[in-house]
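Before any comments, here is the structure.
Quick note: the coordinates plus some simple rules give every number you see, no bench work behind them. Keep in mind it's a predicted model, so treat the numbers as computed, not measured. Note: ideal-geometry Cβ built from the backbone for every residue, glycine included; neighbour counts use all protein chains shown.
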Amino acid sequence: MEINNLIMKGVIVYKSKYGATSQYSHWLADELGLPLVKAEEFHPKSLSDFDFVILAGSIYIGKWLFRDWVKQNAEVLKSKKLFFVMVCGTPSNDFKELERLASTNIPTSLMRNSDIIFLRGRVVIKSLSLMDKLALKFASSMVSDPIKKKEMQEGYDDVSRTNLVDVIRKVRQYLLNINVKKAEASLV
């Protein structure tokens with residue numbers, strides 16, 4: 001991505017189970033002009049080729065699909081600007097739960113140089129595996145909030161390109177800040 005003659009190399013690496021994260025990742029790649037790679041096709045040694053990394057993955061039963069990968073590659077990731085995109089069913093106003101999801105899925109050592117963005121996903125009941133249907137049915141029986149319960153039992157689809165505004169703004173702001181620092185350094 002180029003902003004005012006500063007070229008920063010970035011990449012979007014994603015893991016998607018039912019398609020919401022894949023859709024968001026493709027939209028992001030299109031909007032930001034970044035390469036897009038499925039996690040299973042991305043070798044961690046390639047991280048050295050990039051200045052910043054967007055890791056997009058879904059959360060299932062509280063576990064982010066990238067959690068183990070991020071922990072295994074934490075040493076290399078420490079030197080990168082990171083954007084963690086977590087796609088889940090948790091509403092954006094449930095700050096306590098979102099904070100819990102971030103703290104249980106991202107090593108503390110990586111939080112300092114990162115932005116964490118949560119995006120609402122989708123649940124299409126008929127597309128779920130039998131195990132996921134059973135887990136969702138069990139979990140819904142323990143929920144008292146009627147809106148959450150209905151979403152868990154009937155599904156929902158909150159995937160929208162407009163949800164990416166915050167991610168795009170944060171990436172562009174990061175690149176702009178780097179460009180300003182470069183310009184200031186050249187004046188000294």
When the charge dipole of the chain is computed with +1 at the Cβ of Lys and Arg and -1 at the Cβ of Asp and Glu, the Cα pointing farthest to the positive end, of Met86, Ala74, Val11, is that of Ala74
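Count neighbours as other Cβ atoms within 10 Å of each site's Cβ, and list the trypsin sites (Lys or Arg not before Pro) in region 111-187 that are DSSP loop with at most 10 such neighbours.
Numbers: sites: Arg112, Arg120, Arg122, Lys126, Lys133, Lys137, Lys148, Lys149, Lys150, Arg161, Arg169, Lys170, Arg172, Lys181, Lys182; in loops: Arg112.
In loop regions of region 111-187 (DSSP not H, G, I, E or B), the sparsely surrounded trypsin sites (Lys or Arg not before Pro) are Arg112.
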Helix 95-105 against the longest principal axis of the chain: what's the angle in degrees, Cα atoms only, rounded to the nearest 10?
70
Report, to the nearest 10°, how far helix 165-187 tilts away from the longest principal axis of the Cα atoms in the chain, using its own Cα long axis and a range of 0 to 90°.
20
per DSSP, antiparallel bridges as share of beta bridges in region 53-124, % nearest 5, sits at 15
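With charges set only on the Cβ (+1 for Lys and Arg, -1 for Asp and Glu), what does the dipole of region 21-100 come to about its Cα centre, in debye to the nearest 20?
For this selection, approximately 300 debye.
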In Å³ and rounded to a whole number, note down the convex hull volume per residue for the Cα atoms of region 63-153.
109
Where labels lie 7 Å past Cα in the beta-carbon direction, separation of Ser92 and Gln173 in nm
1.4
Run the simple label-point estimate for Glu154 and Glu41 please: 7 Å along Cα→C-beta, distance reported in nm.
3.8
Using alpha-carbon positions, the gyration tensor of region 4-60 gives root eigenvalues a ≥ b ≥ c; with a/c under 1.5 called rounded, otherwise prolate if a/b exceeds b/c, else oblate, the class is oblate
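With r defined as the distance between the Cβ atoms of Ser144 and Asp68 and R0 fixed at 45 Å, what FRET efficiency is calculated, to the nearest 0.05?
Working: r = 32 Å, r/R0 = 0.71.
Step by step, r from the Cβ atoms, then E = 0.90.
Quote the Stokes-Einstein diffusion coefficient, in whole µm² s⁻¹, for region 140-188, based on the Kirkwood radius over alpha carbon pairs, a temperature of 20 °C and a viscosity of 1.002 mPa s. Write out the running numbers ahead of the final one.
On the way: Rh = 14.6 Å.
For the chosen part, D equals 147 µm²/s.
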Magnitude of the Cβ-charge dipole of the chain, K/R +1 and D/E -1, about the Cα centre, nearest 20 debye?
300
Debye calculation, C-alpha points only, no solvent: report log10 I(q)/I(0) for the chain at q = 0.09, 0.18 Å⁻¹, in the same order as the q values.
-0.35, -1.24
From the helices alone, meaning DSSP H stretches of at least four residues, give me the mean residue ellipticity at 222 nm for the chain, per-run term -39500 (n - 2.57), in deg cm²/dmol to the nearest 500.
-13000 deg cm²/dmol
Which of Ile147, Ser109, Leu65, positive extreme of dipole for region 1-149 (C-beta unit charges)
Ile147
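Here is the link list: Lys9/Lys45; Lys15/Lys150; Lys45/Lys71; Lys17/Lys126. Which ones come out longer than 18 Å on Cα distance?
Check vs 18 Å cut-off fails for Lys15/Lys150.
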